[in-house]
Amino acid sequence: MIEELLQPYQFEFFRNGLAVATIAGALCGLVGVYVVQRGMSYIGHGLSHAIFGGFAASALLGVSVFIGAGIWGIASALAINGVTRRRTIGADAAIGVITTASFALGLALFAIFGRAGQSFDAALFGSILGVSTTDVLTLAAVATFAAAIIFFQYRPLLFTTFDPEVAEASGVRTARVEALLMLVLALTILSTMQVLGVTLVAASIVIPAVVARMLTDSFARMLLLATAIGGTCGLIGMNVSYHANVQSGPTIVLTGAAFFVAVFGWSSVRAALRRRAPVVA
Amino acid sequence: MSHAQDLVRFDGVTCRYHSEAVLRGVDLSIEAGAMMGVVGPSGAGKTTLLRTILGSVRPVLGSLRRRDGLRLAYVPQVETVNWSFPVTVGECVLMGRTDGRLLPWASRGERAEAQAVLERLDIGGLAGRHIRELSGGQQQRVFLARALLRSPDLLLLDEPTAGVDARIRHELLHLLGELNREGLTILLTTHDLNGIATHMPSLVCLNRHVVAVGPPVDVLTPATLEQTFGASMDVLVHHGVCIVVDRPHDVALPLPGHVHVLEEAIA
């Protein structure tokens with residue numbers, strides 16, 4: 001039994017995939033706290049779809065996917081950020097236009113020029129095949145960068161997330177902080193897309209934060225918990241992916257969903273018990 | 001007249017929101033050590049006045065001068081706070097030190113200062129609680145504590161008594177009076193004429209422009225109130241404190257003594 005569970009670890013591609021999934025899960029969990037608390041879940045969802053357009057274009061042009069989709073993603077992120085700061089256009093509508101058009105463009109490019117196959121499927125649903133050591137190192141670099149930003153900008157990020165108006169009034173440069181957050185979010189999506197897949201990366205960002213929120217009322221603890229939960233989902237999901245022969249994106253998201261159901265159930269039971277408990281004077 | 005003591009000075013300030021003038025030609029100076037209340041009806045530009053001082057609204061005409069190096073702190077309306085946000089009292093108060101060091105956690109000195117402010121405001125034991133788990137008065141004090149941790153020269157409060165009961169209002173007034181005596185300059189907005197405004201040393205009656213400035217006994221007159229609120233009000237003086245009342249003939253509901261008069265009139 002144990003032998004069977006450890007069997008995939010003899011393959012280098014699996015060990016690389018496992019490292020990537022764990023780091024990706026943790027990174028998404030960390031960034032997700034800000035995404036969820038700022039009510040940006042839809043932006044995360046949209047951005048991952050927008051990046052798909054860049055992914056398709058760079059794959060067909062033969063340029064590095066990371067650079068091509070990266071430039072595309074950052075441009076989309078800045079465009080979304082710019083549009084949402086202008087109040088006359090509804091933010092959700094603007095995001096819908098920019099990102100869905102980009103996703104559609106990606107699909108069209110693949111349909112006209114591409115061979116629907118491995119890379120197309122991998123981009124949509126995530127794949128552990130062909131994860132090289134370079135991929136692991138690239139993701140590790142992005143995760144370190146994001147963690148450093150969140151560590152050293154912790155105070156302005158927290159104030160801006162909680163209360164942007166007062167933060168601005170207290171001398172925090174909120175526009176810069178928000179742009180930095182969008183940059184981190186775009187880099188996160190871009191670097192985790194390979195394992196998690198365009199269509200599922202948003203869930204990997206949102207679920208750990210939501211689960212962590214149910215477990216704590218402290219912002220600092222929520223960041224640590226969401227990171228740990230995200231990493232654990234990546235680790236478990238990747239193992240399940242191998243044994244169940246399902247793409248890695250769905251298994252990682254389903255692991256997160258299982259966490260959610262368990263914690264939600266547990267906190268509901270706890271709340272019910274508290275209501276029933278006799279009041280002791 | 002010397003302006004050396006002015007912390008903030010408005011000279012003919014006009015501010016617009018979407019081409020509508022919210023403030024028109026406002027002249028006002030806030031002197032060091034002042035404690036002022038801004039009164040006026042909804043839409044009079046009270047919050048815009050605060051935002052102009054904070055710098056989040058820029059004048060389209062006129063000039064606004066702040067004393068060099070002026071430290072401002074702002075206490076938002078309790079109703080605008082996101083109470084489900086995952087933040088403890090301690091974490092919330094420490095936001096007042098966002099311009100402190102780069103490390104996420106507070107230094108020993110910062111923790112001691114935060115604790116001292118919390119104790120000063122009688123919420124010393126609540127640092128680990130979530131902000132939603134507090135009473136109305138305690139919630140207000142958390143945001144006051146956050147502002148005070150900035151060691152401001154000028155404290156701005158937007159409708160600090162909106163949605164709080166009389167006891168909390170009294171405690172808050174007492175506390176603000178104490179802070180003011182210790183040298184803190186305070187400017188607050190309020191629509192509560194009798195609960196807050198009449199207890200302020202100085203008032204600004206605002207209705208897009210400044211109608212009057214001065215101590216309550218001077219500015220709270222039927223004429224200024226009519227100009228500010230567009231409604232007829234009378235002012236009574238009770239133990240040296242003004243009490244503003246609506247003029248009886250403007251009140252729609254008949255008082256019990258008038259009932260039979262009305263009945264006769266109908267008959």
Query raised in the report: So which of A:Val240, A:Val253 ends up being surrounded by fewer than 20 Cβ atoms within 10 Å (Cβ to Cβ), away from every other protein chain (no Cβ under 14 Å) and not polar (S, T, N, Q)?
Result: A:Val240
Query raised in the report: Restricting attention to the stretch B:44-81, and to residues there that are open to solvent by less than 20 Å² (accessible area, probe 1.4 Å) and of a type in the set (Ser, Thr, Tyr), which single residue is nearest to the other protein chains (Cβ to nearest Cβ)?
Result: B:Tyr74
Query raised in the report: What residue, among those in the stretch A:192-213 that are modelled with pLDDT of 85 or more and polar (S, T, N, Q), is surrounded by the fewest Cβ atoms within 10 Å (Cβ to Cβ)?
Result: A:Thr192
Report summary line: Of all helices (runs of 4 or more DSSP H) fully inside the stretch A:1-103, the set with 3 or more residues that are under 20 Å from the mean Cα position of the chain (by Cα) is A:12-37, A:41-61, A:65-85
Query raised in the report: Which one of the conditions (1) farther than 16 Å from B:Met35 by Cβ; (2) without any contact (Cβ under 8 Å) to a residue 40 or more places away in the chain does B:Glu182 fail to meet, given that it meets all the rest?
Result: (1)
Query raised in the report: Only one residue in A:Met193, A:Met182 is outside any loop (DSSP other than H, G, I, E, B) and within 20 Å of A:Leu107 (Cα to Cα). Which one?
Result: A:Met193
Report task. Please specify each residue of the stretch B:104-114 satisfying the condition of being assigned to a helix (DSSP H, G or I) and open to solvent by less than 20 Å² (accessible area, probe 1.4 Å). Result -> B:Glu110, B:Ala114
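Please pick out the residue among B:Ala197, B:Ala265 that is more than 27 Å from B:Leu156 (Cβ to Cβ) and either at pLDDT below 85 or among the aliphatic types (A, V, I, L, M) (or both). Steps first, answer last, please.
Numbers: B:Ala197 fails: more than 27 Å from B:Leu156 (Cβ to Cβ).
Among B:Ala197, B:Ala265, only B:Ala265 is more than 27 Å from B:Leu156 (Cβ to Cβ) and either at pLDDT below 85 or among the aliphatic types (A, V, I, L, M) (or both).
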Query raised in the report: Taking the condition at pLDDT 75 or above, crowded, with 16+ Cβ neighbours inside 10 Å, more than 14 Å from every other protein chain (Cβ to nearest Cβ) and over 30 Å from B:Asn82 (Cβ atoms), does A:Ala69 pass?
Result: yes
Report summary line: Residue pairs qualifying under the 8 Å Cβ cut-off, at least six apart or on distinct chains, with the first in the stretch A:150-168 being within 7 Å of chain B (Cβ to nearest Cβ) and the second being of a type in the set (Lys, Arg) and open to solvent by 10 Å² or more (accessible area, probe 1.4 Å), are A:Arg155/B:Arg97; A:Pro156/A:Arg173
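When the residues of the stretch B:82-94 are narrowed to those that are surrounded by fewer than 17 Cβ atoms within 10 Å (Cβ to Cβ) and in contact (Cβ under 8 Å) with a residue 12 or more places away in the chain, which ends up farthest from the other protein chains (Cβ to nearest Cβ)?
Pass one, the stretch B:82-94, residues surrounded by fewer than 17 Cβ atoms within 10 Å (Cβ to Cβ): B:82-84.
Now narrow it down to the ones that are in contact (Cβ under 8 Å) with a residue 12 or more places away in the chain: B:83-84.
Details: B:Trp83: 11, B:Ser84: 9 Å.
The residue in question is B:Trp83.
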Requested in this report: For the stretch B:120-134, enumerate the residues that are surrounded by fewer than 16 Cβ atoms within 10 Å (Cβ to Cβ) and within 14 Å of chain A (Cβ to nearest Cβ).
Outcome: B:Gly128, B:Arg132, B:Glu133
**Report entry** Residue satisfying all of: in the stretch A:121-130; part of a loop (DSSP other than H, G, I, E, B) and open to solvent by 30 Å² or more (accessible area, probe 1.4 Å); farthest from A:Pro250 (Cα to Cα) among these
**Finding:** A:Gly130
Query raised in the report: Do we find a residue being open to solvent by less than 50 Å² (accessible area, probe 1.4 Å), within 14 Å of chain B (Cβ to nearest Cβ) and in contact (Cβ under 8 Å) with a residue 12 or more places away in the chain anywhere in the stretch A:131-144?
Result: no
Report task. Could you give me the residue pairs with C-beta distances under 7 Å whose first residue belongs to the stretch A:200-224 and is away from every other protein chain (no Cβ under 14 Å) and among the hydrophobic types (A, V, I, L, M, F, W, C), whose second residue is buried (at least 24 other Cβ atoms within 10 Å of the Cβ) and assigned to a loop (DSSP other than H, G, I, E, B) wherever it lies, and which are 6+ apart or on separate chains? Result -> A:Leu200/A:Gly126
Requested in this report: Could you tell me whether the stretch B:95-103 includes any residue that is out of contact with any strand residue (DSSP E or B) (no Cβ under 7 Å at 6 or more places or on another chain), surrounded by fewer than 21 Cβ atoms within 10 Å (Cβ to Cβ), more than 8 Å from chain A (Cβ to nearest Cβ) and modelled with pLDDT of 90 or more?
Outcome: no
**Report entry** Flag for B:Val117 being within 21 Å of B:Asp158 (Cβ to Cβ), open to solvent by 20 Å² or more (accessible area, probe 1.4 Å) and either outside any loop (DSSP other than H, G, I, E, B) or at the interface with chain A (Cβ under 8 Å from one of its Cβ atoms) (or both)
**Finding:** yes
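The values are calculated or read from the model by the stated rules, or taken from the named source; none is laboratory data. Just so you know, these numbers come straight off a predicted model, no measurement behind them. Backbone-built Cβ (ideal geometry, glycine too); neighbour counts: all protein chains shown. Keep in mind that these areas ignore ligands, DNA and RNA; they rest on the heavy atoms of the full protein, side chains included. Shrake-Rupley method; radii C 1.70, N 1.55, O 1.52, S 1.80 Å.
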